[in-house]
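Rule-based calculations on the coordinates, nothing more; no lab input. Keep in mind it's a predicted model, so treat the numbers as computed, not measured. Backbone-built Cβ (ideal geometry, glycine too); neighbour counts: all protein chains shown.
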Amino acid sequence: MKHIHFFFAVMAAAIAASCGNPATADLNPGSTVKVKCPSENFRLTCQVMTDGTSAADLLFASDGSSGYEVRFHGGAIDGTIKTGSLTGIRNRYRSIVPDNEWFNFELAVRGKNISVKLNDIEVVCYTEPEKPFRINEYSGMLLGKGECYFKGSIGLTKVKDIKISALPEGEKNPSDTLPPVDEQSDKVIRLQQQGFPVIDYHVHLKGGLTKEIAWGRSLNYGINYGVAPNAGEGGDGRMYATDEELYEYIDDVKLSPFLYGVQGEGRKWITTVKPETLSAFEYLFTDAMTIVDKKGKITRLYHPEEINLYGMNEEQYMDYIVDQTVKILTNEPADFYANPTYLPDAMQKDYEKLWTPERVDKVLDVLEKYHMALEINARYRIPSFDIIKRAKARGIKFTFGTNNMGADNLGRLEYCFEAIDSCGLTPDDIWFPSMSIRSTRKAVNYNNF
Ligand SMILES: [Zn+2]
């Protein structure tokens, strides 16, 4: 084997030296820079600098207009496709590399596997399946022939140290360990090509779901994950009680291909975590699955043994839950309401009857007033489509989320995708951190902890 590697190393050096390829490119709107390279089994490396507003693309397996595209675009998490995206195939919504600094870029095509790395961190690992799904606009996105082209579209994107090397046929991407998705039945690839953001904002790295497992699945499924620790006390699984632990969490995940948010847990979080610590996260959410009962006892509605009705009937207890939900969303400044309209086990069979339009309106009034989004929860399959439609009619935005307890119940947002079709959701209905107003709100200690 050794001599084969040596042969390819020599060949790689030969390609870089002999083709007269440009080493640098200043990409302005309309500019195109061609880089001769093989159509498969190659690696292109360079350094790139974006400025927060500029946008450019690297086309490969391309004739100059067809082919795959890798996006270069930084700036806030605002719904635009970010650096490292394989456009229309694996759209990414957060850039892990800073603007106005050079970063290392690598594109490697090994057989049918496409890998994109930013500063050595893999953000795309996509294997073109035997029967890829492509809408008309993307029908040219297939491996097999063509070369590379850098193209500018907005502002100035700088590229330097462009290098091409051939890779030996049969070489495998070591991180490509999961079978390719069957795109003939996959909903995610369809949404990607419609430009519909596919983000699960409510993923917990706990219960066996490690950062590495989540990373592999996110890249394989094509779903962006927002990973969030539970800040506060009293929830299930690992809790992050101190500011130090929360900063350590950010340090651990910020260079991974995730968004990172934080969940305020158990009602006391507004007094136990510093506001500046919470501000360091890209978004913040809370739910109303934990309430303070009539006698001031903290009650997790998902633990039936903790619930005490103190003589209230079901309708009265429902009013109490709605009242608590309104207090939580009014006084705890969050970006979105997660696990929304959740009811204790014993009441779930009456969900439709208990969530009357009047009760729904009380909750939606608060969301509208504070520009909060409504999570569509994939695991609990809530809220109902009827409530989602009522929220959409008010202009309330949505996030998709799972609230997994571990590795086993993190699915593929199936209920959220059903909601898109049943409720007519469009990309404009989706919330992004750039819309957050939580920094303008103050936490109110309404329970006098
Ligand atoms: Zn959660």
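Sorted largest first, the spans of the alpha carbon positions of segment 85-136 along the three principal axes are 39, 23, 13 Å. Angle between the Cα long axis of helix 2-18 and the longest principal axis of the chain, 0 to 90 degrees, nearest 10? On a 0 to 90 degree scale, this one is about 80.
Distance between the 7 Å Cα→Cβ label points at residue 361 and residue 421: 3.3 nm. For the chain, the fraction of C-alpha pairs farther apart than 37 angstrom is 31 percent. Grouping the Cα pair distances of segment 127-249 into 5 Å bins from zero gives a pair-distance distribution of 2, 7, 12, 14, 14, 16, 14, 9, 6, 4, 1, 0 percent in increasing distance order.
Around residue 239, under 12 Å between beta carbons, what's the net of Lys plus Arg minus Asp minus Glu among the other residues? Mind dumping the intermediate values first?
Values: positive: 206, 238, 268; negative: 233, 236, 245, 265.
Around residue 239, the charge tally is -1.
Projecting the Cα atoms of 447, 263, 247 onto the dipole axis of the chain, where Lys and Arg carry +1 and Asp and Glu carry -1 at the beta carbon, places 247 farthest toward the positive end.
Using the Karplus relation 6.51 cos²θ - 1.76 cosθ + 1.60 with θ = phi - 60°, the per-residue 3J(HN,Hα) values for segment 183-188 come to 6, 5, 10, 7, 7, 4 Hz, with x marking Gly and Pro. For residue 110, the residues whose amide H sits under 5 Å from its own are 41, 115, ignoring neighbours fewer than 5 places away on the same chain, with H placed 1.01 Å from N.
Between Rg and the Kirkwood Rh of segment 313-449, both from Cα atoms, what is the Rg to Rh ratio? Display every interim value, and only then the final one.
Numbers: Rg = 15.0 Å, Rh = 15.7 Å.
My calculation puts Rg/Rh at 0.95.
Couplings for segment 408-419, taken from phi via the Karplus curve 6.51 cos²θ - 1.76 cosθ + 1.60 with θ = phi - 60°, read 7, 10, 9, x, 10, 6, 4, 5, 5, 5, 5, 5 Hz in order; Gly and Pro are left as x.
Please tell me which of these pairs span more than 27 angstrom C-alpha to C-alpha: 34/112; 145/172; 362/392; 349/389?
Numbers: 34/112 22 Å; 145/172 20 Å; 362/392 15 Å; 349/389 21 Å.
Beyond 27 Å: nothing from the list.
Here the relative contact order of the chain, from alpha carbon pairs under 8 Å that lie six or more residues apart, stands at 14 percent. Spin-label model, residue 345/residue 145: points 7 Å from Cα along the beta carbon direction are separated by 6.2 nm.
May I ask you to list the trypsin sites (Lys or Arg not before Pro) in segment 141-247 that are in a DSSP loop and have at most 15 other Cβ atoms within 10 Å of their Cβ?
Details: sites: 145, 151, 158, 160, 163, 172, 187, 190, 206, 211, 217, 238; in loops: 145, 172, 206, 238.
Of the trypsin sites (Lys or Arg not before Pro), the ones in loops of segment 141-247 whose Cβ has at most 15 other Cβ atoms within 10 Å are 145, 172, 238.
Between residue 99 and residue 446, 0.36 nm times their residue separation minus their Cα-Cα distance comes to what?
Values: separation 347, 0.36 × 347 = 124.92 nm, distance 4.08 nm.
Fully extending the segment from residue 99 to residue 446 adds 120.8 nm.
With loop defined by DSSP as not H, G, I, E or B, and exposure as at most 13 other Cβ atoms within 10 Å, which is the longest segment of the chain clear of exposed GluC sites (Glu not before Pro)? Value returned for the longest uninterrupted segment is 170-449. Here the relative contact order of segment 164-253, from alpha carbon pairs under 8 Å that lie six or more residues apart, stands at 23 percent. The string of couplings for segment 79-93 from the Karplus curve (6.51, -1.76, 1.60, θ = phi - 60°) is x, 7, 7, 9, 3, x, 4, 9, 3, x, 10, 9, 6, 10, 10 Hz, one whole number per residue in order, with x for Gly and Pro.
Can you give the convex hull volume per residue for the Cα atoms of segment 150-216, as a whole number of Å³?
Details: hull volume 15.5 nm³, N = 67.
Cα-based convex hull of segment 150-216, divided per residue, equals 231 Å³.
Of all aspartates and glutamates in the structure, the ones whose alpha carbon falls short of 17 Å from that of residue 131, not counting any fewer than 8 places away in one chain, are 182, 183, 186. When the alpha carbon gyration tensor of segment 196-440 is reduced to an equivalent ellipsoid, its three semi-axes come out at 26, 22, 17 angstrom, largest first.
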